[in-house]
Amino acid sequence: LAQEIVAAGGPGVRDLTGNDLRNGVLAMAAAGVAISNDSGLMHIAAALGTPTMGIFGPTSPYLWAPLNGLAATVVQDKSVLSCQPCQSTICKMNDHHCMRDIAATEVVAIAERVLSEAGARTTT
């Protein structure tokens, strides 16, 4: 799936799904914006000051949002899911609606807002 995303995204998109954390940290430091699920790399990006967009499903952004003034979060809020937030790394419902129901267009819109706000801060 990561390879498909990279192919669709073009030369500026990088696949960081490997297991070398050093490359991930370096990429987060160099990124114009980091878009990530609730993960260690999301928090590293935020700590480095990289504009960060966190995608939350099984976890709560109220508890785990990135601590960065240049960060935003998105969570599925189109329907009520009795299992959300479950705080589990494995979906017990086998459908992952908490993540699948977040529209790509919503992620893009929020990431664009984060980039715009980051640009506004650097020009003032």
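Give MET93, MET99 a once-over and let me know the one that is of a type outside the set (Ser, Thr, Tyr) and more than 14 Å from the chain's Cα centre (by Cα).
One residue alone meets the criteria, MET93.
State yes or no: is GLY57 in contact with a Lys or Arg (Cβ under 9 Å, 6 or more places away or on another chain), within 18 Å of LEU1 (Cβ to Cβ) and surrounded by 12 or more Cβ atoms within 10 Å (Cβ to Cβ)?
Here the answer is yes, as GLY57 does meet what is asked.
With the structure loaded, tell me whether ILE90 is under 21 Å from THR17 (Cα atoms) and assigned to a loop (DSSP other than H, G, I, E, B) or whether it fails that test.
So ILE90 fits the description; yes.
For (1) over 27 Å from GLY32 (Cα atoms); (2) surrounded by 18 or more Cβ atoms within 10 Å (Cβ to Cβ), each residue gets a yes or a no:
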{"site": "ASN68", "(1), (2)": "no, yes"}
{"site": "VAL80", "(1), (2)": "yes, no"}
{"site": "SER88", "(1), (2)": "yes, no"}
{"site": "ASP95", "(1), (2)": "yes, no"}
{"site": "ARG100", "(1), (2)": "no, no"}
{"site": "GLU112", "(1), (2)": "no, no"}
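Listed residues ILE110, ILE44; which is in a helix (DSSP H, G or I) and in contact (Cβ under 8 Å) with a residue 24 or more places away in the chain?
Residue meeting the stated conditions: ILE110.
Coordinate-derived values only; no laboratory data. What you see is a predicted model, and the numbers here were worked out from it, not measured in a lab. For neighbour counting, all protein chains shown are included, and Cβ atoms are generated from backbone atoms with ideal geometry for every residue, glycine included.
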